[in-house]
Amino acid sequence: MRMVQASLLRMNGGPGTANEAHILDELLWAHASADHHLEHLRARPAPYGLGLVVFVRADTEARALDRAHALLEAVRRPLHALGYTVGTAPSPNAHG
């Protein structure tokens, strides 16, 4: 099993909520197929949106990244409708 981290950025720039993390969890499980090899996931509110950790069965890091990316692509439209996009979390040292 491999772990893949992802950042879901709130398009309005605000922080995520526990309720949104729960919705993301349900959304990902609802869209996961056998091809994603999803074992476990954890979504948490963050200052930039939501932090996500996905655990998938994979024999290499590259395959794990591909499977996590495919899962996130499967929920791209619903994520967008909820006001989120996949991106890179801002550095904790960034000044804005």
Cα-based helix-to-principal-axis angle, 61-74 vs the chain, degrees rounded to 10: 70
Contact order normalised by residue count of the chain, Cα under 8 Å, 6+ apart, percent: 41
GNM flexibility winner over the chain from 82, 50, 24 (Cα, springs under 10 Å): 82
Cβ-placed point charges (K, R +1; D, E -1), dipole of the chain about Cα centre in debye, nearest 20: 160
Loop sites in the range 11-89: chymotrypsin sites (Phe, Trp or Tyr not before Pro), DSSP, at most 13 other Cβ within 10 Å: none
Acute angle (nearest 10 degrees) that the helix 18-31 long axis makes with the longest principal axis of the chain, alpha-carbon atoms: 30
Within the accessible area of the chain (1.4 Å probe), percent carbon and sulfur: 54
Interchain or long-range residues, amide H under 5 Å from residue 46's placed H: 16, 51
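Rounded to a whole number, what is D in µm²/s for the range 3-96 from Stokes-Einstein with the Kirkwood radius over alpha-carbon pairs (37 °C, 0.692 mPa s)?
Numbers: Rh = 13.4 Å.
The calculation lands on 245 µm²/s.
The values are calculated or read from the model by the stated rules, or taken from the named source; none is laboratory data. These figures come from a predicted structure and were not determined experimentally. A quick note on method: Cβ atoms are made from the backbone with ideal geometry, for glycine too, and the neighbour counts reach across all protein chains shown. Note: accessible area is taken over every heavy atom of the protein model, side chains too, but ligands, DNA and RNA are not part of it. Shrake-Rupley method; radii C 1.70, N 1.55, O 1.52, S 1.80 Å.
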